[in-house]
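The values are calculated or read from the model by the stated rules, or taken from the named source; none is laboratory data. This is a predicted model, so every value here is computed, not measured. When we count neighbours, we look across all protein chains shown, and the Cβ atoms used for this are built from the backbone with ideal geometry, even at glycine. In case anyone asks, the SASA skips ligands and DNA or RNA and just uses the protein heavy atoms, side chains included. Shrake-Rupley method; radii C 1.70, N 1.55, O 1.52, S 1.80 Å.
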Amino acid sequence: MNFQRVLPALTLAGLMAAAPLAAMAQARAHVHGQLKLDIAIDGPTVVIEMESPLDNFVGYEHAPKTEAEKKMADDVVAQLRAADQLFKIDPAANCKLGPVTLRSAALGLGKAEPSAGEGHADLDGTFAFNCTKAPEAKFIELGLFGAFKGLRQVDAQIASPDGQFKRTLKRPAARLTWGSK
(Lines give C-alpha, C1' and ligand atoms only; values in the text may rest on other atoms or scores of the structure.)
Protein backbone atom coordinates (compact mmCIF):
# COMPACT_ATOMS: atom_id res chain seq x y z
CA MET A 1 0.00 0.00 0.00
CA ASN A 2 1.35 3.45 -0.91
CA PHE A 3 1.02 5.45 2.31
CA GLN A 4 2.25 8.66 0.64
CA ARG A 5 -0.94 8.70 -1.43
CA VAL A 6 -3.32 7.40 1.23
CA LEU A 7 -2.26 9.65 4.12
CA PRO A 8 -3.31 13.00 2.53
CA ALA A 9 -6.68 11.54 1.51
CA LEU A 10 -7.28 10.21 5.03
CA THR A 11 -6.25 13.53 6.56
CA LEU A 12 -8.70 15.45 4.36
CA ALA A 13 -11.48 12.94 5.02
CA GLY A 14 -10.87 13.19 8.76
CA LEU A 15 -10.95 16.97 8.67
CA MET A 16 -14.18 16.98 6.68
CA ALA A 17 -15.81 14.58 9.16
CA ALA A 18 -14.55 16.41 12.25
CA ALA A 19 -15.26 19.98 11.10
CA PRO A 20 -19.04 19.91 11.73
CA LEU A 21 -18.49 18.41 15.18
CA ALA A 22 -15.91 21.02 16.10
CA ALA A 23 -18.18 23.79 14.84
CA MET A 24 -21.08 22.54 16.96
CA ALA A 25 -18.84 22.25 20.03
CA GLN A 26 -17.73 25.88 19.79
CA ALA A 27 -20.01 28.62 21.02
CA ARG A 28 -21.17 30.66 18.04
CA ALA A 29 -19.57 34.05 18.23
CA HIS A 30 -21.83 36.80 16.95
CA VAL A 31 -19.60 39.75 16.08
CA HIS A 32 -20.88 42.55 13.89
CA GLY A 33 -18.57 43.34 11.00
CA GLN A 34 -17.12 39.81 10.96
CA LEU A 35 -18.07 36.90 8.76
CA LYS A 36 -16.85 33.28 8.98
CA LEU A 37 -16.18 31.04 6.00
CA ASP A 38 -15.39 27.32 6.01
CA ILE A 39 -14.14 26.25 2.60
CA ALA A 40 -13.76 22.60 1.60
CA ILE A 41 -12.20 21.46 -1.65
CA ASP A 42 -13.13 17.83 -2.05
CA GLY A 43 -13.15 15.88 -5.29
CA PRO A 44 -14.88 17.93 -8.00
CA THR A 45 -16.48 20.42 -5.59
CA VAL A 46 -15.70 23.56 -3.67
CA VAL A 47 -18.17 24.15 -0.85
CA ILE A 48 -18.27 27.41 1.08
CA GLU A 49 -20.12 27.56 4.42
CA MET A 50 -20.82 31.09 5.63
CA GLU A 51 -21.87 32.30 9.10
CA SER A 52 -22.64 35.97 9.61
CA PRO A 53 -24.71 38.34 11.68
CA LEU A 54 -27.60 39.65 9.57
CA ASP A 55 -26.44 43.17 10.45
CA ASN A 56 -23.40 42.74 8.17
CA PHE A 57 -25.72 42.63 5.17
CA VAL A 58 -28.69 44.84 5.95
CA GLY A 59 -27.70 46.97 8.96
CA TYR A 60 -30.33 45.53 11.33
CA GLU A 61 -31.11 42.26 13.12
CA HIS A 62 -34.85 41.72 12.91
CA ALA A 63 -37.42 40.68 10.38
CA PRO A 64 -37.85 43.44 7.79
CA LYS A 65 -40.64 45.80 8.87
CA THR A 66 -40.77 48.59 6.32
CA GLU A 67 -40.94 48.39 2.54
CA ALA A 68 -37.38 49.77 2.39
CA GLU A 69 -36.14 47.03 4.75
CA LYS A 70 -37.96 44.37 2.74
CA LYS A 71 -36.41 45.62 -0.49
CA MET A 72 -32.94 45.72 1.09
CA ALA A 73 -33.35 42.14 2.36
CA ASP A 74 -34.58 40.95 -1.05
CA ASP A 75 -31.59 42.64 -2.73
CA VAL A 76 -29.15 40.96 -0.32
CA VAL A 77 -30.73 37.54 -0.89
CA ALA A 78 -30.48 38.05 -4.67
CA GLN A 79 -26.80 39.02 -4.36
CA LEU A 80 -26.03 35.95 -2.25
CA ARG A 81 -27.88 33.65 -4.65
CA ALA A 82 -25.57 35.00 -7.39
CA ALA A 83 -22.64 33.69 -5.35
CA ASP A 84 -20.37 33.30 -8.37
CA GLN A 85 -20.15 37.12 -8.37
CA LEU A 86 -19.13 37.21 -4.69
CA PHE A 87 -16.84 34.15 -4.68
CA LYS A 88 -14.68 34.09 -7.81
CA ILE A 89 -12.74 30.86 -7.57
CA ASP A 90 -9.31 30.52 -9.20
CA PRO A 91 -10.02 30.02 -12.94
CA ALA A 92 -7.59 27.05 -12.96
CA ALA A 93 -10.28 25.05 -11.13
CA ASN A 94 -12.92 25.70 -13.82
CA CYS A 95 -15.86 26.02 -11.41
CA LYS A 96 -19.53 26.73 -12.01
CA LEU A 97 -22.01 27.70 -9.33
CA GLY A 98 -24.17 24.85 -8.08
CA PRO A 99 -26.78 24.85 -5.30
CA VAL A 100 -27.04 27.82 -2.92
CA THR A 101 -28.81 27.42 0.41
CA LEU A 102 -29.52 30.43 2.63
CA ARG A 103 -30.69 30.27 6.24
CA SER A 104 -32.10 33.11 8.34
CA ALA A 105 -35.02 32.93 10.74
CA ALA A 106 -35.46 36.71 10.56
CA LEU A 107 -35.78 36.57 6.77
CA GLY A 108 -37.82 33.35 6.71
CA LEU A 109 -35.13 31.46 4.80
CA GLY A 110 -34.56 27.74 5.22
CA LYS A 111 -34.06 25.98 8.50
CA ALA A 112 -32.17 28.62 10.43
CA GLU A 113 -29.84 27.87 13.31
CA PRO A 114 -31.19 28.60 16.78
CA SER A 115 -31.01 32.27 17.67
CA ALA A 116 -27.63 33.51 18.87
CA GLY A 117 -29.43 35.35 21.65
CA GLU A 118 -32.07 37.95 22.25
CA GLY A 119 -31.91 40.65 19.58
CA HIS A 120 -29.44 38.74 17.40
CA ALA A 121 -30.15 37.33 13.97
CA ASP A 122 -27.88 35.60 11.47
CA LEU A 123 -27.77 35.04 7.75
CA ASP A 124 -25.90 31.83 6.98
CA GLY A 125 -25.35 30.12 3.67
CA THR A 126 -23.92 27.15 1.84
CA PHE A 127 -22.52 27.78 -1.64
CA ALA A 128 -21.54 24.75 -3.73
CA PHE A 129 -19.43 24.98 -6.86
CA ASN A 130 -18.99 22.15 -9.36
CA CYS A 131 -15.51 22.13 -10.85
CA THR A 132 -13.58 20.12 -13.41
CA LYS A 133 -10.25 20.74 -11.61
CA ALA A 134 -11.18 21.75 -8.03
CA PRO A 135 -7.83 20.68 -6.50
CA GLU A 136 -6.08 23.26 -8.69
CA ALA A 137 -7.84 26.15 -6.93
CA LYS A 138 -5.36 28.24 -4.91
CA PHE A 139 -7.42 31.37 -4.29
CA ILE A 140 -10.86 32.94 -4.22
CA GLU A 141 -11.48 36.59 -5.04
CA LEU A 142 -14.07 37.78 -2.53
CA GLY A 143 -16.52 40.46 -3.63
CA LEU A 144 -18.01 40.62 -0.14
CA PHE A 145 -16.39 43.87 1.03
CA GLY A 146 -17.51 45.72 -2.07
CA ALA A 147 -21.05 44.36 -1.87
CA PHE A 148 -21.68 44.71 1.88
CA LYS A 149 -20.50 47.91 3.55
CA GLY A 150 -21.10 46.60 7.10
CA LEU A 151 -18.51 43.87 6.65
CA ARG A 152 -14.99 44.60 7.95
CA GLN A 153 -13.35 41.18 8.36
CA VAL A 154 -13.56 37.66 6.94
CA ASP A 155 -12.19 34.74 8.96
CA ALA A 156 -11.70 31.66 6.81
CA GLN A 157 -10.75 28.04 7.35
CA ILE A 158 -9.78 26.12 4.25
CA ALA A 159 -9.47 22.35 3.81
CA SER A 160 -7.81 21.54 0.50
CA PRO A 161 -5.69 18.77 -0.99
CA ASP A 162 -2.69 21.05 -0.18
CA GLY A 163 -3.53 21.05 3.53
CA GLN A 164 -5.50 23.02 6.07
CA PHE A 165 -5.24 26.78 6.28
CA LYS A 166 -6.63 29.58 8.39
CA ARG A 167 -6.78 33.07 6.94
CA THR A 168 -8.13 36.48 7.95
CA LEU A 169 -8.91 39.21 5.44
CA LYS A 170 -9.68 42.77 6.44
CA ARG A 171 -11.24 45.42 4.28
CA PRO A 172 -10.17 46.22 1.52
CA ALA A 173 -8.22 42.97 0.85
CA ALA A 174 -10.11 40.71 -1.52
CA ARG A 175 -7.97 37.66 -2.34
CA LEU A 176 -8.15 34.64 -0.08
CA THR A 177 -5.14 32.41 -0.88
CA TRP A 178 -3.84 29.02 0.22
CA GLY A 179 -1.43 26.35 -0.94
CA SER A 180 1.81 26.79 -2.79
CA LYS A 181 0.76 28.89 -5.80
Out of segment 95-124, which residues are open to solvent by 60 Å² or more (accessible area, probe 1.4 Å), of a type outside the set (Ser, Thr, Tyr) and at pLDDT 95 or above? Lys96, Pro99
What about Lys70, is it surrounded by fewer than 16 Cβ atoms within 10 Å (Cβ to Cβ) and of a type in the set (Lys, Arg)? yes
Check segment 85-92 and report whether any residue there is assigned to a helix (DSSP H, G or I) and open to solvent by less than 60 Å² (accessible area, probe 1.4 Å). yes
Residue in segment 81-89 that is over 13 Å from the mean Cα position of the chain (by Cα) and modelled with pLDDT of 95 or more present: yes
